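Student: Below you will find the structure I want to go over with you.
We did not get these values from a lab; they are worked out from the coordinates using the rules stated. Every value quoted in this text rests on a predicted model; they were computed, and no experiment measured them. Neighbour counts are summed over all protein chains in view; Cβ atoms, including those assigned to glycine, are modelled from backbone coordinates with ideal geometry.
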Amino acid sequence: MYANTFRKTAPTKWLTVTAMLMAVNIAMSSFGIPVPGGHLYLNDAIICIAALLLDPLGAFCVGGIGAFLGDFFFYPAPMFVSLAVHGLQAVVISLVFNGSHRRFRGAAVGVVLGILINVVGYSLGRALVYATPQAALLKLPFQIFQASFGAAVSLLLVFKTGFLRYWDTFTAPRNSAA
C-alpha cells in the first residue's frame with residue numbers, strides 16, 4: 001500500500017500532515033451551516049479526504065480522534081460516538097481505497113461503506129446518548145444527507161481537481177543520491 005510507504009519513508013511529514021488535517025477536522029466541527037433538520041458540518045468531507053489520502057492509522061487519527069476532540073471542545077455529549085463511528089469510517093475508507101490500487105472505483109466503494117458506517121453508527125449513538133430511538137429516527141434523513149454530502153465533496157476535491165496527482169508527488173519518496 002502506497003499510503004503506508006509515506007508514513008515509513010517520511011514520518012515527520014506524515015505526522016505533520018496528519019496533525020494539520022486533524023486540526024482542520026476540529027475547526028470544521030466548530031461551526032455548521034444551518035439547514036432544515038440541523039446544521040451541516042463540513043468535517044465529514046475532511047474525514048473522507050484524509051481517509052483517501054492517508055493510511056488507516058492516519059485516517060483514524062484524523063477521523064476518530066479529530067472528531068472526538070471537536071466534540072469535546074464544542075459539544076461533548078456524542079464525543080465517544082464520534083470517536084468510534086468516524087474512526088471506523090475513516091479506517092474502512094482508507095483500507096478499501098488503498099486496497100483498490102487507489103482507483104476511483106475503490107474510493108467510491110470506500111466512501112459508500114463510510115456513509116453506511118456513519119449513518120448506522122450515529123443512529124445507534126443517538127439512541128444511546130439521548131436514550132430514545134425516536135431521536136435517531138427523526139435525524140435519520142438528515143444524517144444520510146450529511147454523510148453523503150461529505151463523501152461527494154471529498155470525491156470531487158480529491159479526483160476532479162487533480163489533487164491526488166499533487167498528493168502523490170508530495171508524498172513520493174525522495175532519492176538521496178549524494
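Student: Based solely on its DSSP helices, what 222 nm [θ] is calculated for the chain when runs of n ≥ 4 H residues each add -39,500 (n - 2.57) and the sum is averaged over all residues, nearest 500 deg cm²/dmol? Show your work: numbers first, answer last.
Tutor: Details: 9 runs with 131 residues, N = 178.
Rounded to the nearest 500, the figure is -24000 deg cm²/dmol.
Student: Cβ neighbours within 10 Å, averaged per peptide: list 43-50, 111-118 in order, most packed at the top.
Tutor: Details: 43-50: 27.9, 111-118: 21.8.
Highest mean packing first, the order is 43-50, 111-118.
Student: Note the angle between two axes, namely the Cα long axis of helix 11-29 and the longest principal axis of the Cα atoms of the chain, as a number of degrees from 0 to 90, rounded to the nearest 10.
Tutor: 20 degrees
Student: Name the aspartates and glutamates eligible as straight-distance cross-link partners of K139: C-alpha to C-alpha under 15 Å, and not fewer than 8 places from it in the same chain.
Tutor: Cross-link targets: none qualify.
Student: Report Rg (one decimal) and Dmax (nearest whole number) for the chain, counting Cα atoms only, units Å.
Tutor: Expressed in Å, the Cα Rg and Dmax of the chain come to 16.3, 66.
Student: Below 13 Å, Cα to Cα, which aspartates and glutamates can K8 reach? Residues fewer than 8 away in the same chain don't count.
Tutor: Within reach: D55.
Student: Residues with beta-carbon under 15 Å from that of F104, excluding F104: net charge, scoring Lys, Arg +1 and Asp, Glu -1? Write down the numbers at each step before the final one.
Tutor: Numbers: positive: R102, R103, R105, K160, R165; negative: D168.
Here the count lands on +4.
Student: Given a cut-off of under 8 Å on Cα pairs at least six residues apart, what relative contact order in percent is computed for the range 1-142?
Tutor: Values: 211 pairs, mean separation 28.5, N = 142.
Contact order relative to length: 20 percent.
Student: Based on the alpha-carbon gyration tensor of the range 24-125, what equivalent-ellipsoid semi-axes (square roots of 5 times the eigenvalues) come out, in whole Å, largest first? Please report the intermediate quantities before stating the final value.
Tutor: Details: eigenvalues 100, 37, 30 Å².
Over the Cα atoms of the range 24-125, the ellipsoid semi-axes are 22, 14, 12 Å.
Student: Between 0 and 90 degrees, rounded to the nearest ten: what's the tilt of helix 133-155 against the longest Cα principal axis of the chain?
Tutor: 20 degrees
Student: Could you tell me the calculated FRET efficiency between F80 and L15, based on Cβ-Cβ distance and R0 = 41 angstrom, to the nearest 0.05? Could you put the intermediate results ahead of the total?
Tutor: Working: r = 25 Å, r/R0 = 0.60.
Efficiency computed from Cβ-Cβ geometry: 0.95.
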